[in-house]
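The block underneath contains the structure these notes are about, expressed in structure tokens.
The values are calculated or read from the model by the stated rules, or taken from the named source; none is laboratory data. Owing to the predicted nature of the structure, the values given are computational and were not obtained by experimental measurement. Here Cβ is always computed from backbone atoms with ideal geometry, including for glycine, and neighbour counts include all displayed protein chains.
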Amino acid sequence: MPTPQQSTEWLAGKLRGHANIEAVDVISEQVIHAVRRQFEPFNAGVVSRKLVELSHVEQFVRNDLLIDYVVNIPRLGEWHPTAAGFLKVANIPYGDMSSFYAEIGSSEILGMYVPRDILYLEKLLRSHKRVTDFDPINERVYQVARRGLPSLKVTVIESYELTAEKLLATIERYGDFDVVLTGPLDRPTDEAWGIAQVNGIEFFKTGEFLARLNK
């Protein structure tokens, strides 16, 4: 496993090749400062953990520097609820490399970028009368509380041909979930249906999804 300093240096090197990054400096063992060609510069806290726990992120709040974003390098990394909750209370956005890259390329204020399909899922949950609350477990999975019914773990996967490989990769990356909202023209393959059945996962298009929230 690389040291924190090595992970930070690696990320700094990657960012120097980003089209929207003008300059990057490593200012401490786990913090970089980046100047963007568009938008304001930012400070990012860097972790490299399969599971990010509270002890890995507390320093970013206690640090004298203002941290604008905390990025976790591993592609399949997860955020422990205590770490995620701590950063939310501190109003520090966090995410994986893909989310971080999307942020720095398109968002003036880090933490404002939300994928279109997630915005749509949140809109459906927010407007549903049976849903009393929903909280993100990670970037793609929500714990949905329902009035008089058990909670559900919900995600959204948009893929015209939703393959077993795509479903397995989502499970591996984001953990277990109960319900998948798909796009209107998306079709899970027979193999994906088989994986879903083994894992207790259901697929629904929008209308079916809204009905499922009532059951």
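Just to verify a result, which residue in segment 35-71, among those that are in a strand (DSSP E or B) and surrounded by fewer than 22 Cβ atoms within 10 Å (Cβ to Cβ), is nearest to the chain's Cα centre (by Cα)? Steps first, answer last, please.
Within segment 35-71, the first condition is being in a strand (DSSP E or B), and the residues that meet it are 35-36, 42-47, 51-52, 69-71.
With surrounded by fewer than 22 Cβ atoms within 10 Å (Cβ to Cβ) added as a condition, the list becomes 35-36, 42-43, 51.
Details: Val35: 24, Arg36: 23, Phe42: 20, Asn43: 19, Leu51: 13 Å.
Going through the qualifying residues, I end up with Leu51.
Filter segment 1-34 down to the residues that are within 15 Å of Asp68 (Cβ to Cβ) and among the aliphatic types (A, V, I, L, M), then identify the one that is surrounded by the fewest Cβ atoms within 10 Å (Cβ to Cβ).
Within segment 1-34, the match that is surrounded by the fewest Cβ atoms within 10 Å (Cβ to Cβ) is Ile27.
Enumerate the pairs (first residue in segment 178-190 and without any contact (Cβ under 8 Å) to a residue 24 or more places away in the chain; second residue anywhere and of a type in the set (Lys, Arg)) with beta-carbon separation below 7 Å, excluding pairs fewer than 6 apart on the same chain, so at least 6 apart or on different chains.
From residues that are without any contact (Cβ under 8 Å) to a residue 24 or more places away in the chain, the pairs are Pro184/Lys205.
Find the residue count for segment 1-16, including only residues that are in a helix (DSSP H, G or I), among the charged types (D, E, K, R) and out of contact with any helix residue (DSSP H, G or I) (no Cβ under 9 Å at 6 or more places or on another chain).
First pass over segment 1-16, keeping only residues in a helix (DSSP H, G or I): 4-15.
Of the ones still in play, those that are also among the charged types (D, E, K, R) are 9, 14.
Within this subset, residues satisfying the condition of being out of contact with any helix residue (DSSP H, G or I) (no Cβ under 9 Å at 6 or more places or on another chain) are 9.
Matching residues across segment 1-16 total 1.
Run Glu191 past the list (1) surrounded by 13 or more Cβ atoms within 10 Å (Cβ to Cβ); (2) among the acidic types (Asp, Glu); (3) in contact with a strand residue (DSSP E or B) (Cβ under 8 Å, 6 or more places away or on another chain) and report the number of the one that doesn't hold.
Condition not satisfied by Glu191: (3).
Looking only at residues in segment 110-158 that are of a type in the set (S, T, N, Q) and part of a strand (DSSP E or B), which one is surrounded by the most Cβ atoms within 10 Å (Cβ to Cβ)?
Pass one, segment 110-158, residues of a type in the set (S, T, N, Q): 127, 132, 138, 143, 151, 155.
After this cut, where a residue has to be part of a strand (DSSP E or B) as well, the list is 132, 143, 151, 155.
On the way: Thr132: 13, Gln143: 16, Ser151: 16, Thr155: 24.
Looking at residues that are of a type in the set (S, T, N, Q) and part of a strand (DSSP E or B), I get Thr155.
Of the residues in segment 134-147, how many are among the charged types (D, E, K, R) and at pLDDT 95 or above?
Of segment 134-147, the ones among the charged types (D, E, K, R) are 135, 139-140, 146-147.
Now restrict to residues that are at pLDDT 95 or above: 146-147.
Final tally of qualifying residues: 2.
Restricting to segment 165-188, what's the tally of residues that are in contact with a strand residue (DSSP E or B) (Cβ under 7 Å, 6 or more places away or on another chain), surrounded by fewer than 17 Cβ atoms within 10 Å (Cβ to Cβ) and under 21 Å from Leu125 (Cβ atoms)?
Matching residues across segment 165-188 total 3.
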